[in-house]
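Contents: one structure, followed by commentary.
The values are calculated or read from the model by the stated rules, or taken from the named source; none is laboratory data. As the structure is a prediction and not an experimental result, all values here were calculated from the model. As a convention, Cβ positions derive from the backbone with ideal geometry for all residues, glycine included, and neighbour counts pool all protein chains shown. Ligands, DNA and RNA are stripped out before the accessible areas are found, and what is left, the full protein with its side chains, is counted by its heavy atoms. Shrake-Rupley method; radii C 1.70, N 1.55, O 1.52, S 1.80 Å.
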Amino acid sequence: MSVYYPPAQQHEDLIRAALRVIQGTHYARPEDPHADAEAQYGEEQLALAARALTDAVNAKPADQQPIGWAKES
């Protein structure tokens, strides 16, 4: 059994996107006319980053994936 290390770039992209969503939902300025668009864009980027991380983890050999990642048949 080996230790799981997340794919670095995809992991960092996901964190960056999550922080963007938090900024857009919790710290947006009400007077900003683009706040709604930024919040929506951030949510879309979060979904894309999550998919990219999932794809990268799926591409790893089974012994390099997180414990419980593979669904038992």
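Summary of values
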read-out	value
Scan of the stretch 49-59 for residues that are farther than 10 Å from Tyr4 by Cα and out of contact with any Asp or Glu (no Cβ under 8 Å at 6 or more places or on another chain), ordered by number	Ala50, Arg51, Thr54, Asp55, Ala56, Asn58, Ala59
Test result for Ala47, open to solvent by less than 50 Å² (accessible area, probe 1.4 Å) and under 10 Å from the mean Cα position of the chain (by Cα)	no
Condition check for Ala56: of a type in the set (A, V, I, L, M, F, W, C) and part of a helix (DSSP H, G or I)	yes
Residue selected from the stretch 19-44 under the condition in a loop (DSSP other than H, G, I, E, B) and of a type in the set (D, E, K, R), by the criterion least open to solvent (accessible area, probe 1.4 Å)	Asp32
Residue pairs meeting the criteria (Cβ under 9 Å; at least 6 apart or on separate chains; first more than 18 Å from Asp13 (Cα to Cα), in the stretch 24-44; second open to solvent by 50 Å² or more (accessible area, probe 1.4 Å) and of a type in the set (D, E, K, R))	Thr25/Glu43; Ala28/Asp36; Ala28/Glu38; Asp32/Glu38; Ala35/Arg29
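Listed here are the residues, each with its yes/no results for (1) loosely packed, with under 10 Cβ neighbours inside 10 Å; (2) out of contact with any Ser or Thr (no Cβ under 6 Å at 6 or more places or on another chain).
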site: Ala8; (1), (2): yes, yes
site: Asp13; (1), (2): no, yes
site: Ala17; (1), (2): no, yes
site: Lys60; (1), (2): no, yes
site: Asp63; (1), (2): yes, no
